[in-house]
Amino acid sequence: MALYILLIFALLRPITIGIVQYIPFILELFAVTFSLLFIIIICANLRNIKYDNIDIIIFIYYFYCGLSILWGSSYREVCRFILPILLFYVVRITITDRNAIKALLTSFILGYSFLILGSTFLIISGRSESIIVYHSGIERFQGMASGQHALAHSMFIFSIIYALFKIYYINISKILEYILLLLLICSIYCLYKTFTRTALLGLIIFWMILFFGCNKKLFVSLILGALIISFFNYEKIHQVIWQVEPDIGHSENIDHASSGRLTLWSHNLYIFSQLTIVEKMLGIGIGNEGTQIEELQNITAFSHNDYLTLLMTTGIIGLLLYLLIIYNFIIHVTTLYLEYKVKYIFISFFVSVCIMNFFSNSYINRFELGQLFYLFMGLAYQLQSENFQNIR
């Protein structure tokens, strides 16, 4: 039953992203319903979880986040912060053999097919909602999702699912291979049309590391292909990177190109420097970024940097605890006793997510992305069990 609940989650997660425009409350309903189900699953299987060092750190970190309510954190935001970790344990409870992981990937692909094909159709047909970036004139499409970032990161996640599917489904028909390749191409097209630079960077990093580790020829081909595309699309790339239209007199300013991130980071770091020692250690409270610090008579900005957001809201203690979790993830993933292709998939995913977190609010502060991050990290830990050791 627990596995079936996880499979339904995998099927419906991308579908809810695609129908949120028509049913506005669906994401909240989905989050609450499945979070409660996941809590029940974990409570019923506490004795079956094989605890590692990472579990101690996770418990301390999230207990600390919950405790931060005492010094001003928002109840709602603390819940959104903590609940994604449930997937880390649900996966370790339910994915017990190769058939379970194949079922999980199949459920994901079925759900993503709806989102990918629907978004591709809307974008190509010109029916997708879009926004035009004022300075660059670039039109950014959102497909079936509620926004460009939601669609972009969903399309990025499909690359990980596709890569894992190719590993665990060795003998599939040519027709199915072509269908999956078509879905991958459509997902990359949709991501490109969102012009979400953080997700585009993550996608490039993911495939480059994966090809470098698994197929040097494809890696070289990717580099050459990227150089050729860049040469013939220089003006478009110039617009996307620098956020200005060519030949209209705007200077190429790094802060402007970063959508003002350098200014936001400098502003928040200045505010942080003015806090008391206790406030620096504990932070201003989860959910309080963007509010006024009364004693300083200054307003914090939304950082667009997950690590800086952690520093501001959970303080030095919270940031160090999270980085300790990340450090343990790195050690675990790099020492996985698995076939090298599987290892490189997780390394590629992990590195790309860590980099995306630096440039935007991504897999720490976005609830649905946090769920998927911990789901794949839970899978990486579970794959260490004896049922998965002989993958060839």
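Structure notes:
- Search result, residues across segment 301-323 that are open to solvent by 20 Å² or more (accessible area, probe 1.4 Å) and closer than 15 Å to residue 264 by Cβ: 302, 304, 307, 311
- Scanning segment 365-392 for residues that are open to solvent by 20 Å² or more (accessible area, probe 1.4 Å) and either at pLDDT 95 or above or within 9 Å of the chain's Cα centre (by Cα) (or both) yields 366, 368.
- Listed by position, the helices (runs of 4 or more DSSP H) contained in segment 141-240 that have at least 1 residues being open to solvent by less than 40 Å² (accessible area, probe 1.4 Å), aliphatic (A, V, I, L, M) and not assigned by the TED database to the domain that holds residue 361 are 148-168, 174-194, 197-214.
- Counting the residues of segment 10-48 that are open to solvent by less than 70 Å² (accessible area, probe 1.4 Å) and without any contact (Cβ under 8 Å) to a residue 40 or more places away in the chain gives 7.
- A Cβ distance below 7 Å, combined with a sequence gap of six or more or placement on separate chains, defines the contacts here; from segment 262-286, residues that are assigned by the TED database to the domain that holds residue 82 and among the β-branched types (Val, Ile, Thr) reach residues that are surrounded by fewer than 18 Cβ atoms within 10 Å (Cβ to Cβ) and in a helix (DSSP H, G or I) in the pairs 263/255.
- Close Cβ contacts (under 8 Å, 6 or more residues apart or on different chains) running from residues in segment 225-253 that are over 24 Å from residue 131 (Cβ atoms) to residues that are modelled with pLDDT of 65 or more and open to solvent by 70 Å² or more (accessible area, probe 1.4 Å) comprise 226/204.
So that you can scan it fast, the table gives a plain yes or no per residue for (1) touching a helix residue (DSSP H, G or I) at 6+ places or on another chain (Cβ under 7 Å); (2) under 14 Å from residue 11 (Cβ atoms); (3) of a type in the set (Lys, Arg); (4) assigned by the TED database to the domain that holds residue 371:
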| position | (1), (2), (3), (4) |
| --- | --- |
| 100 | yes, no, no, no |
| 107 | yes, yes, no, no |
| 113 | yes, yes, no, no |
| 117 | yes, no, no, no |
| 120 | yes, no, no, no |
| 124 | no, no, no, no |
| 129 | no, no, no, no |
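- Among (1) assigned to a loop (DSSP other than H, G, I, E, B); (2) closer than 29 Å to residue 77 by Cα; (3) of a type outside the set (Lys, Arg) - the single one residue 352 does not satisfy: (1)
- Here residue 22 meets each of (1) outside any helix (DSSP H, G or I); (2) within 30 Å of residue 110 (Cα to Cα); (3) at pLDDT 90 or above with one exception, condition (3).
- From the list 82, 58, the one residue that fits, being of a type outside the set (Lys, Arg) and either outside any helix (DSSP H, G or I) or open to solvent by 40 Å² or more (accessible area, probe 1.4 Å) (or both), is 82.
The values are calculated or read from the model by the stated rules, or taken from the named source; none is laboratory data. Owing to the predicted nature of the structure, the values given are computational and were not obtained by experimental measurement. Cβ sites come from the backbone with ideal geometry, for glycine too, and all protein chains shown count toward neighbours. Just so you know, the surface numbers come from the protein's heavy atoms only, side chains and all, with ligands and any DNA or RNA stripped out. Shrake-Rupley method; radii C 1.70, N 1.55, O 1.52, S 1.80 Å.
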